[in-house]
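First up is the structure itself, then whatever we jot down about it.
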Amino acid sequence: MPTMRAVPFAARNPGDPARVSTIYVTGHRNPDMASIAAAIGYAELKQRLNPDDTYVPVRLGVVNTQTDWA
């Protein structure tokens, strides 16, 4: 019986249909200005480092009053 070996996600071929191509980058559950800015910045960095994937910054939850004002 052949043995099965797990392949790390990063080691998969870019053309592999099992590869996830959209990754959502989030901050924490109670988003403030810092967590939203961090998600945007990190998504941009990852997009530049891994252009085969799509990184989408998103927020979790409702923004607080201060962040909504900005």
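The values are calculated or read from the model by the stated rules, or taken from the named source; none is laboratory data. From a predicted model like this one, the values you see are computed outputs, not experimental measurements. Counting neighbours? That spans all protein chains shown, and the Cβs are built from the backbone with ideal geometry, glycine included. In case anyone asks, the SASA skips ligands and DNA or RNA and just uses the protein heavy atoms, side chains included. Shrake-Rupley method; radii C 1.70, N 1.55, O 1.52, S 1.80 Å.
Does region 4-22 contain any residue that is open to solvent by 80 Å² or more (accessible area, probe 1.4 Å) and modelled with pLDDT of 80 or more?
Scanning region 4-22, I find no residue that is open to solvent by 80 Å² or more (accessible area, probe 1.4 Å) and modelled with pLDDT of 80 or more, so the answer is no.
Write out, first by first residue and then by second, each pair whose Cβ atoms fall under 9 Å of each other, whose residues are 6+ apart or on separate chains, and whose first residue, in region 22-51, is among the acidic types (Asp, Glu) while the second is part of a helix (DSSP H, G or I) and open to solvent by 50 Å² or more (accessible area, probe 1.4 Å).
Short answer, once both residue conditions are applied: Asp32/Gln66.
Among the listed residues Val58, Val62, which satisfies the condition of being open to solvent by 80 Å² or more (accessible area, probe 1.4 Å), modelled with pLDDT of 85 or more and of a type in the set (A, V, I, L, M)? Please lay out each step first, then the result.
On the way: Val58 fails: open to solvent by 80 Å² or more (accessible area, probe 1.4 Å).
Sole residue among the options that is open to solvent by 80 Å² or more (accessible area, probe 1.4 Å), modelled with pLDDT of 85 or more and of a type in the set (A, V, I, L, M): Val62.
Which one of these does Asn30 not meet: (1) at pLDDT 70 or above; (2) over 16 Å from the mean Cα position of the chain (by Cα); (3) open to solvent by less than 60 Å² (accessible area, probe 1.4 Å)?
(3)
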